[in-house]
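Working notes, structure below.
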Amino acid sequence: MVIRTYQPRDQDAVIELWGRCGLLAPQNNPVADIQRKLADSPELFLVGVMEAGIVATVMAGYEGHRGWINYLAVAPHLQKGGHGRRIMERAEELLCELGCPKINLQVRSTNTRVIEFYERLGFSCDPVTSMGKRLIVDEPLER
């Protein structure tokens, strides 16, 4: 797998992969999420490519205090093959280069398989409550 920066031509393949991985939610429009990422640190939006096309993604972010991970995805038929670990390692390298001291991420508490994956990568549950407030309500993606 070759890891590279997202390119606009990748959009359809990335959204399709996110759908296969169960990352699309009614409250999030992936096209809008991609456009927002491209407006802010697009170099932290990575894709993993193999002969078959895009097989992995990760959106990393850093606002000067903490790094964040979003949209980590690996094609279902390639999961447990080290691809998620590799693309996360690359995201971590980029965040370290920016001086990022810690990475945060959110996983639905019912998604135990993904929680176990992140634990194997050295992540642990912090004693915090995750809260959110939606400022923009995107139109749902038409399928």
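For the reader, a short list of remarks on this structure follows.
- Residue-averaged [θ]222 nm for the chain, counting only DSSP H segments that reach four residues, each worth -39500 (n - 2.57): -9500 deg cm²/dmol
- With a Förster radius of 25 Å applied to the C-beta separation of R113 and R66, the computed FRET efficiency comes to 0.50.
- Modelled FRET efficiency - R0 41 Å, R86 with L135, Cβ distances, 0.05 increments: 0.75
- Euclidean distance between Cα centres, segment 4-65 to segment 75-109, Å: 13 Å
- Residues of segment 80-104 with an amide N closer than 20 Å to a point placed 7 Å from the Cα of S124 along the Cα-to-Cβ direction: 101-104.
- The chain: C-alpha gyration tensor shape, a/c 1.5 cut-off, then a/b vs b/c: rounded
- Ignoring aspartates and glutamates fewer than eight residues from K133 along the same chain, the ones with Cα atoms less than 19 angstrom from its Cα are D33, E63.
- Low-density loop cleavage sites - GluC sites (Glu not before Pro) in segment 1-97, where at most 12 other Cβ are within 10 Å (DSSP): E51, E63
- Residues L78 and R4, FRET efficiency given R0 of 22 Å [Cβ-Cβ distance, rounded to 0.05]: 0.85
Quick note: the coordinates plus some simple rules give every number you see, no bench work behind them. The model shown is predicted, which means the values in this text are computed figures rather than measured ones. Here Cβ is always computed from backbone atoms with ideal geometry, including for glycine, and neighbour counts include all displayed protein chains.
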